[in-house]
Amino acid sequence: MTAGTYELCDRLAVGDPTPELLERLGGFQLARNQVLLTALAEVSLSMSDAGEAVELGRQAVARMPGDVSARTLLAYALWQAGSPADAEAAYNDALDLDRNAARALYGRGRVRIALRDFRGALADLDRALALGLSRSEEDRARAAREEAQRHLGL
């Protein structure tokens, strides 16, 4: 990120995205920029502000309803905000768009553990692992898979 983007994030974090600031930072148009909304949602999650991430994620999905990554991020934010059933629904929406979205399958698998749907979690996690995840996600998916198996007595 550029220094200007960091300044924008700081201003948005304190609720001060002035039009002058947006113009000075190269004409960002937050209401029309799904990529920026998604990035800001990720920043909010990293700052443990799941509620803000949910709001930004919803805005991103509203602007790009066919974007699987935005829906996946919204689902994760909903889960972190304490709404696993809503998170599962958002992951389902992402998977309706791309049934092979490994990150969405991985996320839904983890949420299904929280919802005590251990068989569904195993199926999702197995598919996500078969499709391929980043190394860190793969490690967490394997740990989540072991947890689901323990709950099922396997």
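Based on Cα contacts under 8 Å between residues 6+ apart, the stretch 95-154 shows a relative contact order of 35 percent. Applied to the stretch 63-70, the Karplus parametrisation 6.51 cos²θ - 1.76 cosθ + 1.60 on θ = phi - 60° returns per-residue 3J(HN,Hα) values of 7, 9, x, x, 8, 5, 5, 5 Hz, with x for Gly and Pro.
Coordinate-derived values only; no laboratory data. Worth saying up front: this structure is predicted, and the values here are computed from it rather than measured.
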